[in-house]
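Nothing in this text is a laboratory measurement; each read-out follows from the coordinates by a stated rule. Note that the structure is predicted; figures quoted are calculated from it, not measured. Neighbour counts run over all protein chains shown; Cβ positions are idealised from the backbone, glycine included.
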Amino acid sequence: MPMSATEIETMIKQAFPDAEVTMTALADDNDHWQAAVRSSAFKGKSRVQQHQMVYAALQGRMGGVLHALSLQTSAKD
């Protein structure tokens with residue numbers, strides 16, 4: 001069963017309460033998403049580390065329940 005944008009956003013915001021999350025559907029199937037995530041938790045982290053943090057927030061659902069997620073991350077000042 002695919003994940004909705006709301007479910008993904010909720011999980012990210014639970015891990016990063018200050019996060020600004022913008023979800024965009026890449027297909028009309030609830031299975032291919034783009035997420036732009038901005039959080040102060042990313043400050044001083046590489047892009048790879050930021051993405052790993054988001055994947056960790058999704059608690060193992062990436063590649064399973066969540067088939068595809070394109071990420072854009074940035075740090076808040």
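Can you tell me which of ALA35, ALA27 is in a strand (DSSP E or B) and of a type outside the set (Lys, Arg)? Please lay out each step first, then the result.
Working: ALA27 fails: in a strand (DSSP E or B).
The unique qualifying residue is ALA35.
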Checked against (1) touching a residue at least 24 places away in the same chain (Cβ under 8 Å); (2) in contact with a strand residue (DSSP E or B) (Cβ under 9 Å, 6 or more places away or on another chain), THR6 satisfies every condition except (1)
Within the stretch 33-77, residues buried (at least 16 other Cβ atoms within 10 Å of the Cβ) and under 15 Å from PRO17 (Cβ atoms) come out as VAL37, ARG38, SER39, ALA41, PHE42, MET53, VAL54, ALA57
Only unsatisfied item for ILE12, checking (1) part of a strand (DSSP E or B); (2) buried (at least 16 other Cβ atoms within 10 Å of the Cβ), is (1)
